[in-house]
Each structure stands twice: as structure tokens, then as C-alpha cells.
Amino acid sequence: MISSPIDYDRTAGGIPVLAETLPGNASAGYMVTVRTGSRDETAGLYGISHLLEHTVFRASSTRTSFQMAKEMEGAGGELNAFTGKEVTAFFGVTLKETADVARKLVADIVADPQLSAEDTALEKEIVLQELSMVKSEPEEYIHDLFEQHLWAGSRLGQDEGGTDTSVRALDEQALRQYYEQRYGRPTLAVFATGAVDIDATRDWAEGAFDGMQARQVPPRDTTQGVPAAYHLVPNHADHYQVAFGFPTGLGSEGERMADSLLSAMFGAGTSSRMFQQVREKQALVYAIYNAAEHYSDAGYVSTFFSCTAKNVVPALESVAKIYGEMLREGPAPGELARTKNLVKGAVVRSMESTEERLVRLCRDYMGRGRGRSLEQIAAEIEAVTDDDLRAAAQRVIDRGRLNVTVLGAEKKELKQFDLNSLQL
């Protein structure tokens with residue numbers, strides 16, 4: 001597995017530049033991130049980060065979207081973007097021989113978007129279809145619902161796409177104002193991975209982005225997870241989607257890694273506790289897995305599963321029992337070592353993709369203030385002990401903060417369900 005230390009620099013204007021040079025790599029990737037996302041949106045602007053992310057691809061002063069697409073694909077590459085709760089990111093990945101195309105087009109969409117009324121109207125229609133699509137895919141929608149409920153009362157609970165109503169109300173003037181407020185120093189950061197060079201990347205970033213000055217660095221509220229809560233969200237599908245989880249605080253680096261390994265021990269892979277006990281031994285669910293999410297000041301550990309109506313309550317009871325067993329007994333002999341290898345294997349495989357490396361570098365720096373090489377991640381994983389896992393279980397598994405969201409038909413048994421009936 002190719003790995004390399006992370007090189008750090010700054011442009012003359014102070015924009016952070018991080019590069020992971022991988023000798024022998026045949027591709028090059030460049031990403032520009034903006035420190036603004038759905039948690040930074042105020043009333044009247046819900047969904048604007050996402051809509052802006054879409055609309056900048058429509059045209060620059062020198063290229064149409066079709067010209068951008070032809071140029072990027074002609075260079076053997078891909079131009080893309082994503083909006084998160086805390087960051088909006090734009091990136092291009094190409095062959096190493098055509099890396100200048102990636103740099104040029106990423107600069108085009110970030111530093112020179114036209115944001116016309118016509119393009120904004122067209123992109124709104126696409127975003128509205130995307131919002132509809134997400135709601136029609138319950139296995140994805142349950143994640144949005146769970147976070148909305150988990151962070152209720154905090155902007156971290158705001159969904160990245162906004163709502164139909166909020167998106168329809170946005171226009172090109174709102175996008176232009178938001179762009180001028182948020183896009184520029186000091187909210188920008190630049191990342192590069194693959195066949196890249198820190199000096200060339202800094203010089204490119206300096207020329208392309210140092211002239212951009214943001215008018216506002218959005219302040220962020222402190223996130224607090226809500227107390228224990230149960231939510232039944234109506235859905236006409238016969239199959240139910242369920243989220244069962246707990247909020248976590250900021251935590252140290254070691255605590256975050258312990259939380260991630262704890263979550264993986266519960267529900268990563270087919271040998272995990274959840275998969276073996278809830279699906280294989282009891283046949284209560286079709287799919288079951290865990291997720292650990294970390295934002296800049298909060299996170300969660302949660303189990304997600306899908307099942308038929310008659311199995312929702314038995315599955316919830318089984319999941320609660322498994323959490324309780326870990327809380328009381330801790331990991332079994334050899335369980336942590338197996339989980340460490342499982343997680344390291346997933347990290348190694350993800351790092352075989354230039355795009356995934358860019359995303360990981362972005363998430364690490366924007367969320368932690370530093371990048372991590374493969375060796376550093378592996379060392380953090382190895383440093384976690386059985387005692388750390390027991391401490392994580394005590395810290396995370398708290399009946400007073402248990403949040404459950406069920407997406408499905410409003411059956412009487414589920415409408416009247418009481419979290420206190422679960423044995424943790």
C-alpha cells in the first residue's frame with residue numbers, strides 16, 4: 001500500500017495547503033473546501049450551501065458546463081463536489097499527465113462561477129428531484145431523519161439538502177450574496193493527493209484563490225444531543241428502517257478512535273455482534289450495521305437495521321440487549337484484535353482510491369485540524385486497548401441519551417412503543 005507523510009504549507013494569503021505525494025501513482029487529485037455547510041445556514045437559507053454547490057458547475061466566464069465536462073473527461077478525469085454539514089468541497093481527479101486540467105477546472109468552478117438566474121432556476125429543479133429521490137430511498141432517508149432528531153434544536157440537525165419549501169424560495173441573488181460572504185479567505189483550504197507536489201499545489205492555490213476574500217466566517221453554536229427520545233415517522237413502505245443510537249461529545253483523538261472501534265465491534269461486517277445475533281441467530285432483520293460519525297464538536301454511535309413490521313420491537317429488544325452486554329462485560333477475548341484488522345483493512349482499501357484519499361484528508365483537516373497518513377491511522381487503531389473499549393462503552397451507552405427513529409407504517413404497537421421497555 002502506497003503511503004506518504006502529509007506535507008503542509010500556506011499560500012501568501014494564508015490558505016492552508018495539504019499534499020500527500022504518492023510516488024508511482026498514476027493519478028492526481030485536487031480539492032478545494034469551503035468552511036460552510038448546512039449547520040451554518042440560518043432561517044431563509046436552508047439548503048443554500050447544497051444548491052450553490054450544484055449551480056457553480058453550470059458556467060464560468062470562460063466555459064459552459066458541457067465544455068467543462070468535455071475537457072475533464074477528455075483528460076481522463078472526473079469533476080465533482082459534495083455538501084456536508086460543516087464543509088462544501090469541490091474536486092477534480094485526472095491522469096497525472098493531465099493534472100493541469102484538474103487544477104484549472106476546479107479553480108474555474110470555485111473562483112469564477114456565473115450564477116445566472118436561468119442556471120439557478122434549472123439547478124433548483126434538479127435539487128428538488130434529488131430531495132424527492134432521497135425520501136423515496138428509505139434505507140438512506142433514515143440517516144437524515146436520525147440526525148434531525150438526534151440534534152433537534154441545534155443547527156447540526158439541519159439536513160444538507162434543505163426542504164422543498166426552502167429551496168424553492170432561493171434565487172440567484174441569494175446564491176450570489178452567500179457566495180460572496182462565505183467563499184474566500186479564511187474559509188478555504190486546499191488538498192492534493194497522488195502524483196502531486198506541495199510547491200506546485202501551493203503556487204496554483206495562491207494564484208487561483210488568494211484573491212478571494214470571504215466577508216463572513218460563520219459562527220457555530222455548541223451542539224448538544226437531545227435526551228432519550230423515540231420517533232415514529234410515517235412511511236407507506238412495507239419494510240421498516242430503524243436507527244438506534246447515542247450522541248457522543250467532541251472527545252479526544254483516542255476517544256474518537258475507541259468510539260469508532262466500539263461501533264465496528266457492534267456492527268461492522270458479518271462476524272459482528274449485531275449481524276450474528278440479530279440476523280443470523282434470530283432472523284429478525286434483513287440488513288443490520290453500525291455507524292460512528294464524528295463532526296467537529298459532536299458525533300454518534302448508532303445501529304441501523306431494516307425489517308418487517310412484526311420484527312421491529314423484537315429487533316429493538318435484541319439490539320438493546322447487545323449494547324447492554326457490552327456495557328456490563330466489555331469485549332470478548334480476541335474480539336478487539338479482530339476488529340482492529342477489519343477496520344484497518346477497510347482503511348487500506350479506501351486509500352487505494354485517489355478520490356477517497358482526498359475526502360479523508362479533507363475530513364481529517366476540517367474536523368480535526370490535521371491530516372493523517374495511513375501509518376498514523378494504523379497507529380491510532382493499534383493504540384486502543386480493551387480498557388479503552390470498556391471506557392468507551394461507559395461513555396457512549398447511556399439510556400438517558402438513547403435515540404430511536406423508526407421509519408414505517410403507523411402500527412398501533414409502534415405508536416405506543418416505550419423506550420423504557422428496552423433492557424440495556
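Let me confirm something: among Ala200, Ala195, Ala205, Ala214, which residue is under 20 Å from Val106 (Cα atoms) and not assigned by TED's automatic domain parsing to the domain that holds Ser154?
One residue alone meets the criteria, Ala214.
Can Arg338 be described as modelled with pLDDT of 95 or more, assigned to a helix (DSSP H, G or I) and of a type in the set (Lys, Arg)?
The answer is yes for Arg338.
Can you name the residue in the stretch 239-283 that is farther than 17 Å from Ser302 by Cα and touching a Pro at 6+ places or on another chain (Cβ under 8 Å) and, of all such residues, is surrounded by the fewest Cβ atoms within 10 Å (Cβ to Cβ)?
Out of the qualifying residues, it is Gln282.
Quick test of your reading of the structure: Val233 fulfils all but one of (1) exposed (fewer than 15 other Cβ atoms within 10 Å of the Cβ); (2) in the same structural domain as Glu410 (by TED's automatic domain parsing). Name the failing condition by number.
If we test Val233 against (1) exposed (fewer than 15 other Cβ atoms within 10 Å of the Cβ); (2) in the same structural domain as Glu410 (by TED's automatic domain parsing), just (1) comes out false.
Considering only residues of the stretch 371-391 that are touching a residue at least 12 places away in the same chain (Cβ under 8 Å) and within 22 Å of the chain's Cα centre (by Cα), which is nearest to Thr339 (Cα to Cα)?
Ile381
Yes or no: the stretch 142-157 includes at least one residue that is exposed (fewer than 15 other Cβ atoms within 10 Å of the Cβ), in a helix (DSSP H, G or I) and touching a residue at least 12 places away in the same chain (Cβ under 8 Å).
no
Output the number of the condition that Thr193 fails; it satisfies all remaining conditions of (1) exposed (fewer than 14 other Cβ atoms within 10 Å of the Cβ); (2) of a type in the set (S, T, N, Q); (3) modelled with pLDDT of 95 or more; (4) more than 17 Å from Glu41 (Cβ to Cβ).
(1)
Kindly indicate the residue of the stretch 291-318 that is of a type in the set (Ser, Thr, Tyr) and over 16 Å from the mean Cα position of the chain (by Cα) and also surrounded by the most Cβ atoms within 10 Å (Cβ to Cβ) among those meeting that condition.
Only one residue fits best here, namely Thr303.
Just a yes or no: is a residue in the stretch 118-138 among the polar types (S, T, N, Q), touching a residue at least 40 places away in the same chain (Cβ under 8 Å) and either more than 26 Å from Gly14 (Cβ to Cβ) or outside any helix (DSSP H, G or I) (or both)?
Checked the stretch 118-138: at least one residue is among the polar types (S, T, N, Q), touching a residue at least 40 places away in the same chain (Cβ under 8 Å) and either more than 26 Å from Gly14 (Cβ to Cβ) or outside any helix (DSSP H, G or I) (or both).
Mind listing whichever residues of the stretch 76-114 are assigned to a strand (DSSP E or B) and not aliphatic (A, V, I, L, M)?
Listed by number, the residues that qualify are Glu78, Asn80, Phe82, Thr83, Thr88, Phe90, Phe91, Gly92, Thr94, Pro113.
Could you list, in sequence order, the residues of the stretch 165-178 that are out of contact with any helix residue (DSSP H, G or I) (no Cβ under 6 Å at 6 or more places or on another chain), in a helix (DSSP H, G or I) and not basic (Lys, Arg)?
Within the stretch 165-178, Thr165, Ser166, Gln173, Ala174, Gln177 qualify.
Could you check how many residues of the stretch 369-423 are assigned to a helix (DSSP H, G or I) and closer than 20 Å to Gly225 by Cα?
11
The values are calculated or read from the model by the stated rules, or taken from the named source; none is laboratory data. Because the structure is a prediction, the values reported are computed rather than measured. Note that we place each Cβ from the backbone using ideal geometry, even for glycine, and neighbour counts take in every protein chain shown.
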